[in-house]
Structure formats: C-alpha cells, structure tokens
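S.K.: Next up is a structure, given as structure tokens.
The values are calculated or read from the model by the stated rules, or taken from the named source; none is laboratory data. What you see is a predicted model; the values in this text were computed from it and never measured. Heads up, the Cβs are rebuilt from the backbone with ideal geometry, glycines too, and the neighbour counts pull from every protein chain shown. Keep in mind that these areas ignore ligands, DNA and RNA; they rest on the heavy atoms of the full protein, side chains included. Shrake-Rupley method; radii C 1.70, N 1.55, O 1.52, S 1.80 Å.
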Amino acid sequence: MVETTRASRWKARYWVYLMLFLLATINYLDRVVLSVGAGPLAAELHVDKVELGYLFSSFLWGYTLFLLPIGLLIDRFGSRYVTAISMTVWSLATMLTGAASSAGGVLVSRIVMGAGEASCYPSAARIIRDWAPSRERGIAMTALNSGAYFGPALGALALSWLISSAGWRWSFAICGAIGFLWIGAWLLFFKSPENTRWIGDEERRTILRQRETVQQTGSDTVSIGLGGLLRERTMWAQMLTQGCNVYTQYLFLTWLPNYLQTERGMTLLGSGTAMAIPYLGSIVISMALGLLSDATLDPVAIEQGRRRRLVGAVMCAGAVIVFIPWVSSVWAALGLITVALGAASTGIALNVALLGDLLRTRRDLGRAVALQFIGGNVCGFFAPIVTGYIVQATGHFAAAIIAAGAIFLVGAMSSWFLTWKPIGARATSTAAQAAVAGRELS
C-alpha cells in the first residue's frame, strides 16, 4: 500500500513524459549537428550557401515522405516498436553522415535520417493520448516539444566545443551513438498503462478514466480513415497552423549559427554559446504556457477546442522577430529570437494537443498527426532553402526574418478562425446511435 501511495503521489506517468522529452532532445540534437558544423563541413566539401541550404533542408524530404506511412504503422501496431526501429534508423544515418566524402553523401544520409525521425511526433501523440489525462495534454506535449529546443541548446554548447577540438565528423558519430542508449531504456521499461507494472493501481485508474473526454469515450472502434481526415476543414487548418510554426523553427534551427557568425561577427564557439540562450529560454516559455493552457481549460473547453485561442496568441507574439534587423545589440536580437522560438515551440506543442482535443476517433490519431506534420514540414522544407537564396542574393538575413514574422501571423489567423470544428464527430455519433439501436433490438 505504501508503494502504491508513493507511486500515485509522485505520478509515475511523468517518467513517460521525461522519456518523450529525451526522445525529442536526441531527435533535434542529431538534426542540429549539421547546423553547428556547417562552416568546417562546407569548407572541406566545397559547399556554397545555396547548396548548404539544400543540405539543411534534405532531412525534411525523407521526414515528410515517411510521415504518413509511419503514422499508419503506429495506428496499426502501436508506438513501442515503431519508435524503437525508427530511432535505430536515424541514429545509424547520423553516424554515417560523419563518414561522407562529398556533399552528395551528406545529402543521402540526411534524407535517411529524416525518414527515421518521422515517427517522433505521431508516436508521441499516441503515447500522450494513452498515458496523459486529457487536462495534462498541454504540459505533456510541451514537455516533449521542449526537447526539440533543449537538443539544439545542448548541441550548440557541446558540439561547438567538440567540432573545434575533434572535427565535424566525430560529432556526427557521437550524436548518433547516443540514440542507442535511449532505445535500450525504452524497450526495457515502456508499455501501455494497462500493462505497465511500475505504476500504482490508483494512478492507472486515473489515467484510464481521464485520458478521454466525454465525446471521445468509446472511439477506439471508429475510424474515418485518411480520406475522412482530408475532408475535414479543421484538419487542413491544423496543417497550415503547424506549417507557419515550423517555418520559423527551421529557419533558426538551420541558419542561426551561420547568422550569428556572418551577421553578428561571432566565432564558432561564441555562436554556439549564444545559440543556446534562446533555445533554453524558449523551454521556459513553452513549459509555462503549457501549464497555463492546462490550468485554464476545463473538460468542456477542451472538447470545444478553446486551446486554439492560446495557439493564436503565442504566434502573434512570435511575430516580434520582424524587429530583429533594426536592433544593433546582439543581446536584444537574442531576446527577440527567444520570444520567437518560445512562440514556435508552444504553438507546435499546443497545436498537437489541440488536434488531440478535437479528434473524436482515437484510431486515426497516428495518421492525423502525420498529416499535421506533413503540413508543417512542407513549410519547414522551404525555410532553409528560401533563406539560402535570400542571403545569397542580398548578403543579409533581414528579408528572410521579416518573412518569418509575417508567416507567424498567417498561422495565428488559421488557428483562431479555421480550427474550431471537431474532427470525426459525425462518425462517432453514427456509431453511438448504431450501438444504442443494437442494444434496443437485443
């Protein structure tokens, strides 16, 4: 009884949230290696700015292409083994990037890495839907997405030193190897809450009772399929909102070190330290707003999709990056970048939580999140490439940063005015009516 009480008091499900945080941390650590090591890699392999933009973008090609197939696999087989296999693929691909002898070799390995990383968010959304009470979806998703910002912060601090002392090739090898440690812990400890022994009975009952809203209860047997999702206007709005957040995220994820070095005159080590500041600050912003989202929403508000209000508000706040070209202080610029990254992080996380709130058919969650991130990554795909062309043509980052601020505002309008109808409501209502009729006939 004492052990059960302690497990309930300490909320053992937070260990699952921590594992998701580490999943995203490793995911984004592997992505940012190229950004931090772009200078020496470009010099050794003779890569110009435009080619570098394509290399930055290349992992999104595999990522976007495999999102939907992996989402379908998650819906069919669950998240445990799909996640482990996917991380194995992307970790090996990251290690092999360090062995590339040409820009083409880097390109291929990055595409494979992106294909492996495609499982991260669809799988995590399924895990959160299984493990988190509905009123904890905001903080659970922001915990996951905070890893997407802690990874680059850790990478900026550690990789700038590692690349300076050991070279860019070793940085890829070491980052790729870290993933295998996570895989071992994942397979050893993670199962569904129904089958996990290290949580207490009281907490298990709480999770199973509160993980669905009233209108989502009993939706396990109902599916509207891919075609049904694509016929929902809310689904398209979710994809657009996600794309507007991801555009800014990938602008800074790929180009921030280069921006600090070329536009602000920093060294490799200096830019690495400076890059960590906005990423760490964005984690604080995201976690605080995730808690605010959960604290201000009751079950009725969750079902009605009111989380969209905060999504739109934080995206409007992120548009302050349009002022970056006019500030001369590097600290002021870093402050504005921190706000923008915090807005993007919160917007992405709460938009995924909003999809979980609005989706009435639990069996479609993997493919729904996959579609959401396809929309996000189509926009993210263009961010490093468009930025490369702008910088090559103008010699400055100003126009690229202003464009990202305008895109933030488009996403806010999408969330406020287009994302409010539930997804799959008609199918669950029909299924419920059929069930009632069946009981009456029997």
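S.K.: In whole Å, how far is the Cα centre of the range 42-69 from that of the range 361-409?
M.R.: Each part reduced to its Cα centre gives a spacing of 14 Å.
S.K.: Quick check: the distance between the Cα centres of the range 225-274 and the range 330-350, to the nearest angstrom?
M.R.: 11 Å
S.K.: Also, quick follow-up: Return the single residue from Val300, Val82, Val47 with maximal mean-square fluctuation; model: Gaussian network over the chain, springs between Cα atoms under 10 Å.
M.R.: Val300
S.K.: Could you give the length gained by full extension between Tyr389 and Tyr14, i.e. 0.36 nm per residue of separation minus their alpha carbon distance, to one decimal place? Don't skip to the answer; put the middle values down first.
M.R.: On the way: separation 375, 0.36 × 375 = 135.00 nm, distance 4.35 nm.
Stretched fully, the Tyr389-Tyr14 segment lengthens by 130.7 nm.
S.K.: Any idea how far apart Ala295 and Arg426 come out in nm if each label point goes 7 Å out from Cα toward Cβ?
M.R.: 4.1 nm
S.K.: Note down the magnitude of the dipole of the range 241-353 about its Cα centre, charges +1 on Lys and Arg C-beta and -1 on Asp and Glu C-beta and zero elsewhere, to the nearest 20 debye. Working shown, then result.
M.R.: On the way: 5 positive and 4 negative charges, 24 e Å.
So the dipole magnitude of the range 241-353 works out to roughly 120 debye.
S.K.: Now, a different point. How far is it, in nm, from the label point at Leu208 to the one at Arg76 when both lie 7 Å from their Cα along the line to the Cβ?
M.R.: Between Leu208 and Arg76, the simple spin-label model gives 2.9 nm.
S.K.: If you look at just the Cα atoms of the range 110-209, how large are its Rg and its Dmax in Å?
M.R.: Gyration radius and largest Cα-Cα distance of the range 110-209: 17.3, 53 Å.
S.K.: How large is the dipole of the chain about the Cα centre if only Lys and Arg carry +1 and Asp and Glu carry -1, each at its Cβ, rounded to the nearest 20 debye? If you can, show how the numbers build up before the last one.
M.R.: Working: 34 positive and 23 negative charges, 178 e Å.
That gives a dipole near 860 debye.
S.K.: In nm, what is the difference between 0.36 nm times the number of residues separating Ala398 and Val320 and their Cα-Cα distance?
M.R.: Gain on stretching Ala398 to Val320: 26.8 nm.
S.K.: Using 0.36 nm per residue, how much length does the chain from Val330 to Trp170 gain when fully extended, once their Cα-Cα distance is taken away? Mind showing how you got there, number by number?
M.R.: Values: separation 160, 0.36 × 160 = 57.60 nm, distance 3.05 nm.
So the chain would gain 54.5 nm between Val330 and Trp170.
S.K.: For the chain, what does the relative contact order come out to in percent, with C-alpha contacts under 8 Å and a separation of six or more? It would help to have the intermediate numbers written out before the result.
M.R.: Values: 809 pairs, mean separation 115.7, N = 442.
Averaging sequence separation for qualifying contacts and normalising by length gives 26 percent for the chain.
S.K.: Please calculate how many Å² of accessible area the range 90-159 carries per residue, with a 1.4 Å probe and no DNA, RNA or ligand atoms counted. Show your work: numbers first, answer last.
M.R.: Details: 1510 Å² over 70 residues.
Spelled out: the 1.4 Å probe surface of the range 90-159, per residue, equals 22 Å².
S.K.: On to the next question. Along each of the three principal axes of the Cα atoms of the chain, give the extent in whole Å, ordering the values from largest to smallest.
M.R.: Taking the Cα atoms of the chain, the three principal extents are 75, 44, 40 Å.
S.K.: Cα to Cα, under 19 Å, and not fewer than 8 places away if on the same chain: which aspartates and glutamates meet these conditions relative to Lys11?
M.R.: Excluding near neighbours in sequence, the set is Glu3, Asp130, Glu136, Glu194, Asp201, Glu202, Glu203, Glu212, Asp294.
S.K.: Tally up the carbon and sulfur contribution to the accessible surface of the chain as a whole percent, 1.4 Å probe, everything protein left in place. Kindly include the intermediate steps, with their values, before the conclusion.
M.R.: Working: 11760 of 17210 Å².
The computed percentage sits at 68.
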